[in-house]
Amino acid sequence: MNAFKEALAKVGVTKNTIKRAGRTFIQAAVSYIGVNLIVIDFTTGKEALKSALIGLAVSSVAAGISAVMNLERNGEENE
């Protein structure tokens, strides 16, 4: 477990990075769910639910990409 923590530290993953990634994911997920609760008619069948879940997955991936792009580099400051 200690080697795993050291490997994450080398890449630039800190507790702050994990917190920011989690907040980014939650913001994307909540906003996507909020919009879909208003716009999509879930009584039409499984297609609407499938569309909503695919959209949630896409927004989750976007949040993950954003978190990776914002990793802190050792010895460098973020611009």
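The values are calculated or read from the model by the stated rules, or taken from the named source; none is laboratory data. Everything numeric in this text was worked out from a predicted model, so none of it was measured. With ideal geometry, Cβ positions are generated from the backbone for all residues, glycine too; neighbour counts draw on all protein chains shown. These accessible areas exclude ligands, DNA and RNA; they are computed on the full protein's heavy atoms, side chains included. Shrake-Rupley method; radii C 1.70, N 1.55, O 1.52, S 1.80 Å.
Quick rundown of the values:
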| item | result |
| --- | --- |
| Heavy-atom accessible surface of the chain: percent carbon and sulfur, 1.4 Å | 65 |
| Table column - 3J(HN,Hα) (Hz), region 27-33, Karplus curve with 6.51, -1.76, 1.60, x for Gly and Pro | 4, 5, 5, 5, 5, 5, 5 |
| Principal axis box of region 1-46, alpha-carbon based, largest edge first, Å | 50, 20, 13 |
| Calculated FRET efficiency for the pair Ile40/Ala9, C-beta based, R₀ 30 Å, to 0.05 | 0.10 |
| Helix-derived mean residue ellipticity, 222 nm - over the chain, DSSP H n ≥ 4, -39500 (n - 2.57), to 500 | -25500 deg cm²/dmol |
| Candidate lysines - alpha carbon under 30 Å from Lys50, same-chain residues fewer than 8 apart omitted | Lys19 |
| Percent of Cα pairs exceeding the 20 Å cut-off, where the set is the chain | 48 |
